[in-house]
Structure formats: C-alpha cells, structure tokens
Amino acid sequence: MTGPAESGHPDAGRAPGGQGTVVWKFGGTSVGDVDRLRAVAARLVAANRAGTRVVAVLSAMGGSTDDLVRQAHQVAAVPEPRELDALLSVGEGVSCALAAIAVHELGGRAVSLTAAQAGIYSDASHGNARLLRVDPGPITAELDRGRIVLVTGYQAVSPRGDVTTLGRGGSDASAIAVASALGLRECVIFTDVPGVFTADPRVVPEASKLTDLGHDEMLQLADSGAKVLQTRAVELAAAHGIDIHVRSSLSDEPGTLVGGGGRGATAVDGGRVSGIAHFGHDPIFHIPGTGAGPVSAALAKAGIAVGSVIVEAVGVRFTAPGAETARVLATLAEQGLPGTVRDDLGSVSVVGSLATDRVAVAATVMATLQDEGVTVQLFTTSPNRVSAHVPATDVATAARALHRAFGLGADQALEVGVGG
Ligand code: ADP
Ligand code: ASP
Ligand code: MG
C-alpha cells in the first residue's frame, strides 16, 4: 500500500499500473484565476471523456501562497512552523475545490482530496517536510468510481496528523509522488512556460527550449535556481524512475522531457554546459567568533540546507540558497550564534558536466563577468556547476552574458570549451 519515500528502491511500493491513468500537475499561474481554472477543468473533462483516468495535482492560485506568507509575517517575524504550515497549505484546497466545481459545471464528475484524504504522508519537518509515503488506495478508489481526482499539491500529513508543507514549489514533488504511487512512469507538469529552457526565458529572452535532458542535469539546474521544477521533485523522480514532461498549460505544443533516456542519460566525455540558472536573491551570512561545526549543526537541526561555507579566522560565512533570511538568522541567534547578512546579492551558475573542463569554464565565467563590469563576491566550482555571487541588481545582466558566452542560443548543449 505504500508509495514512494524520498529514498529507497525505485520500484518500492509500486501499485499495479492503472491502464490509461495520467497524473497532471498544474502550477499557480495555470490555476491563477477562475477563467484559467475553467480551462484546466475543460482539459481534464476532455481527457476523461476520451477514456483516460485523470488525476490532477493542483497548486494554489498564483501569488496566493506569497500573500499568506506576507500575512503571517505581519503577525510575527518568525511564525511558529506548525501554524505557518496550517496557513500556507490552504491555497491548494481552494484550487482543488474550485476546479471540482468547474468540472461539475461542465457536466463531468470530480472529487477534490486534501493530502489527508488522499493519503500523502511526510515527516514532521514543518515548512520543508520530506515525503514518506503515498497510499494509492484513496485516489484509486475515486478513479474506479469514474471521477476526475483533484489532489492538493504542496501539503502532506505528519505522523502526528498535522498538516505539513513540502517547501516552496512543492506541488511538483506531490505530483511525482502520486504518479509513482499509482505505478506510472511519467508525470506531466503543466506550467506557464513551454518547457525547460537553457536559462529562465523571463530573464534571458534568447534562451531556447530543451527537447529533453537527464534527471541529473535538471537536478543541477533546479538546485541552482531554475524554479521551473522543484529540486526535491526532480530527485524523487530520478529515484523512482519517473519521466517528467514539462509543458505549457496555455498551449498544446510538446514541452521538455526530463529523464526518458534522452541525451542526459548518456554520459558525455569531455563535458557539456546544459544551461544557466540563477537565484535573484542568494545572500551571504556571516557569523563571527565561531567555527563551521556549531553553525552547521544548528542549521541542519532546522532543516536549512547550506550552499557554500567559508571558514575564516574571525568566523564563518555561508550561503543557504532558497532559505528565508529572517529564519536563518533567527535559527542561529536562538542557538547563541548571532550574525549578519549581506542581503543584496543573487547568484548565477553555469550548469553541466564540467568536471574535465572546470578550469576553462571558470575562466570564461570570470572573464565574462569582468567584461560586463559585474563584481563577484563569491566564486565556487564543482564538477556540475560554476557559480558566482553577484549584486542582485546584476543577476539578469550576468545570466544573459553567460548565456551568450557559452553559445546556448540553439537547442543544443554546448561542448565545454567552445564558448568564451
Ligand atoms: P508553477 O507555478 O507552474 O509551478 P513556477 O513559477 O514555479 O511555475 O515555475 C515556472 C517559472 O520558472 C517560469 O515562469 C520561469 O520564469 C522560471 N524558470 C526559471 N528557470 C527556467 C528554465 N531554465 N526554464 C524554464 N523556466 C524557468
Ligand atoms: N503553492 C506553493 C508555492 O507557492 C506550492 C507550489 O506552487 O508548488 O510554493
Ligand atoms: Mg513551481
């Protein structure tokens, strides 16, 4: 009865595959207003009438989770995590109930299920909970009744029965977990762009759509800030052998296949740049008068992932990409480790298989940013990524310049070393 945990054997707990079953996830913009919700409902009803068993995992209506975060912070600087999850999880329920109503209006049959009703379970790490299992039973039972099943993304239920949330963008992870629990090999993520691009197309207009890429490449892009897919969702998909089809909810054009034995599935000797990713906000924290040990321990206890750490004679500097600045500082202050933050920074990364040519890629990144007059505050390299922390106001310029420097305009990853 158990679905996927966030680790373990890919086939662990697979239910017998439902013939003709699909799991489609719709993000915030795709359910952003009542008209969009109606369009989603029409798509679901059409598929269902054609004989497909349809499960749709929905996000909250665009911007509504941000509104809830703002409201919580008007009440408290660092809201109590359990209550924050109780608040942030409600948006997904609104989308699902409205979509079910829209399906009924179109003459279809649908049921909305919260995570508790659907059987989606996580640990108790509020705000960043880890999925433990999905029970395929409740969803399958509704499909067997001939209903379109609308499942809330982003939320799960802790061992104590509390509502948890799976980190920002977590509806992607919900969808992958549900697809895996139902024994499917593919999950479709409908979003507001036509696929995965060589850079964020809203920031780099000349970015091109990738036809396919491997789980590993996507994981690195997501982890470097490409929020089109949540990092943990990609990790989950890789662990459970789920291909992800990322496509637009606003058109019928085919999108990008992540996984699926595409070019990313074959190792490339000599390396390749997959794309450019960025974080518009990626601060550097400074905790004076301590070592890396206490800082890492305090952050790990709070479930805050650290990026780079620099240990200096006078203290520790570190990054925590995607983490909320106030929460990081409060977490450390509570442990007697008060610190400061350089909050006006973002980061830009060149992502790919760079191990062999890391030095050349790093040199190209440095030279390109220098030519653009962009000051680098922190520079890190790994076999899959070369990253630079730059002023937040320069992130877009840096991303565009690096995209040009690595010749990423065409639908093809570049052999490392050609650019520059
Ligand atoms: P959803 O609400 O559908 O989950 P998100 O806002 O989470 O949508 O993700 C989609 C957004 O991701 C796009 O609008 C785009 O600006 C951004 N994005 C960042 N990097 C990329 C990339 N490499 N390819 C496509 N989109 C990207
Ligand atoms: N609504 C949540 C968020 O805004 C989850 C999601 O959209 O995936 O982060
Ligand atoms: Mg998203």
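Each reported figure results from applying straightforward, stated rules to the coordinates on display, with no laboratory input. Only a predicted model underlies this, so the values are computations on that prediction, with no experimental measurement involved. Here the Cβ positions follow ideal geometry from the backbone for every residue, glycine too, while neighbour counts run over all protein chains shown.
Give, as a single signed number, the net charge of other residues whose beta carbon lies under 10 Å from the beta carbon of residue 253, with Lys and Arg counted +1 and Asp and Glu -1. Residues near residue 253 contribute +1 overall. Computed 3J(HN,Hα) for segment 299-304, one whole-Hz value per residue from the Karplus formula 6.51 cos²θ - 1.76 cosθ + 1.60 where θ = phi - 60°, is 5, 4, 4, 8, x, 9, glycine and proline marked x.
Summing charges over neighbours of residue 190, with a neighbour being any other residue whose Cβ is under 10 Å away from its Cβ, gives +2 when K and R count +1 and D and E count -1.
The lysines whose alpha-carbon is closer than 18 Å to the alpha-carbon of residue 25, local same-chain residues fewer than 8 away aside, are 227. In terms of its C-alpha gyration tensor, segment 220-374 comes out prolate, because a/c is 1.5 or above and the ratio a/b outweighs b/c.
Based on a Kirkwood Rh over C-alpha pairs, give the Stokes-Einstein translational diffusion coefficient of the chain at 20 °C and viscosity 1.002 mPa s in µm²/s.
97
For residue 342 and residue 250, compute 0.36 nm times the residue count separating them, minus their Cα-Cα distance, and round to one decimal in nm. Before the final figure, lay out the partial values.
Working: separation 92, 0.36 × 92 = 33.12 nm, distance 3.88 nm.
Net length gain for the segment: 29.2 nm.
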